[in-house]
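Contents: one structure, followed by commentary.
The values are calculated or read from the model by the stated rules, or taken from the named source; none is laboratory data. Quick caveat: nothing in here was measured; it's all calculated off a predicted structure. Note that we place each Cβ from the backbone using ideal geometry, even for glycine, and neighbour counts take in every protein chain shown.
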């Protein structure tokens, strides 16, 4: 049986997403079985790059407009500078022929990495399955995460 | 012997605390033995919701006033917006019948999760045992943490 | 064979660096074999405390001036307050006879902790080997990290 790697992706920033996908893709390339559990702000990484999602109630509307997400809209955790730093980082990645987050998502899927979205956060923030990209394999809670993590050789919280 | 889970809780934000307790409570429910090591800003989660603590010297006074802590005073790591975002998140959690941090602390304790406060940070910031809620099981340093983590199936830094 | 600990140090803040070194030094003292993989902003911790590094192109110049790094220039993740909070934290550490980050680096090396700098980030940000302190043992990518982490008893992402 292949060795397991689980990544709990809590953060929704571009730089943390890069680190997560870099590890996920690397581990899959080494023959390991990788599951990425996206939770809380991390859900933004796997949201569609489309229109803001529709939500019930004013507060959820506000939250889901501000917190719109999508792989192209992730901020930097440092030096975001209203988008300038993020734009620069995108350019530097391009220059270094480093794939964008969107491309990393595709590469990870191609390599067999599993994407799981956290249903607990979805409930609290009123995000529905339709709000996510089709690359998401399943929707689950903490019990599913722990069932995999307890078998994991490498478990990280990012 | 039950499988062990250790969580090093470094961050003092409401959202990270929710993730930590969600994993802790889930793991305990699955029969795993869970230890939460609260360190640095994470200590705020298990401070009393009372008066600012008394400290020696002006700098410690300033730090411990700004960094007052308590489960009801934790900011959000994103969209805190001077408390508005945090208030909204509290409302959303209520709406979704999700327990507050205070309630999660009680549930975790009920489920047998152990709370350990980091003595190294306590020393640097001049926080005393009296500043913490009574749910804290023990006070210890990194050696205690590592002794548990080396036996852990799942070890996360949050 | 000694038990392994791996720390992926993604964050470049003084407080997170303290947590990382505290764990690294503690684990080494307990006879464990510790590798610290510095990546992304974490590279700042092991940059020289000297002049800003020279980079090709305006964007890299900007980034590497803002993101200058060096163990003495790390901000706090909370209450940095344009340097005041960081200065206070330095004082509190001194008062508590707690070693500075610079001293912690020396202690960790003395204890046999291995420092590895992430070549992927170095490529994107145009950082060269000369920009790092001489304590760095090697320069490597994610495959090297995973080869160690899969053997690790404790693997943390900080």
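Remarks
- Residue that is farthest from the other protein chains (Cβ to nearest Cβ), among those in the stretch C:123-139 that are buried (at least 17 other Cβ atoms within 10 Å of the Cβ) and in contact with a helix residue (DSSP H, G or I) (Cβ under 7 Å, 6 or more places away or on another chain): C:133
- Filtered residue count, the stretch C:91-127, keeping only those that are without any contact (Cβ under 8 Å) to a residue 24 or more places away in the chain and in contact with a strand residue (DSSP E or B) (Cβ under 6 Å, 6 or more places away or on another chain): 1
- Options C:26, C:31: the member that is modelled with pLDDT of 95 or more, within 14 Å of chain B (Cβ to nearest Cβ) and assigned to a loop (DSSP other than H, G, I, E, B): C:31
- Complete set of residues in the stretch A:128-153 that are closer than 20 Å to residue A:1 by Cβ, more than 14 Å from the chain's Cα centre (by Cα) and free of Cβ contacts under 8 Å to residues at least 24 places away in the same chain: A:146, A:147, A:150
- Some residue of the stretch A:35-55 being part of a helix (DSSP H, G or I) and within 14 Å of chain C (Cβ to nearest Cβ): yes
- The single condition among (1) closer than 28 Å to residue B:29 by Cα; (2) more than 13 Å from the chain's Cα centre (by Cα) that residue B:123 does not satisfy is (1).
- Residue that is outside any helix (DSSP H, G or I), within 17 Å of residue C:19 (Cα to Cα), in contact (Cβ under 8 Å) with a residue 24 or more places away in the chain and touching a helix residue (DSSP H, G or I) at 6+ places or on another chain (Cβ under 6 Å), where the choices are C:76, C:156: C:76
- Given (1) surrounded by 20 or more Cβ atoms within 10 Å (Cβ to Cβ); (2) within 13 Å of another protein chain (Cβ to nearest Cβ); (3) at pLDDT 90 or above, number of the condition residue A:89 does not satisfy: (3)
- Scanning the stretch C:10-52 for residues that are in contact with a helix residue (DSSP H, G or I) (Cβ under 6 Å, 6 or more places away or on another chain), farther than 21 Å from residue B:150 by Cβ and without any contact (Cβ under 8 Å) to a residue 24 or more places away in the chain returns a single hit, C:52.
- Failed condition for residue A:106, given (1) crowded, with 20+ Cβ neighbours inside 10 Å; (2) more than 14 Å from chain B (Cβ to nearest Cβ); (3) out of contact with any helix residue (DSSP H, G or I) (no Cβ under 8 Å at 6 or more places or on another chain): (1)
- Those residues of the stretch C:60-73 which are surrounded by fewer than 18 Cβ atoms within 10 Å (Cβ to Cβ), facing another protein chain (nearest Cβ under 10 Å) and touching a helix residue (DSSP H, G or I) at 6+ places or on another chain (Cβ under 8 Å), in sequence order: C:62
- Flag if residue C:19 is buried (at least 23 other Cβ atoms within 10 Å of the Cβ), within 10 Å of chain B (Cβ to nearest Cβ) and modelled with pLDDT of 95 or more: yes
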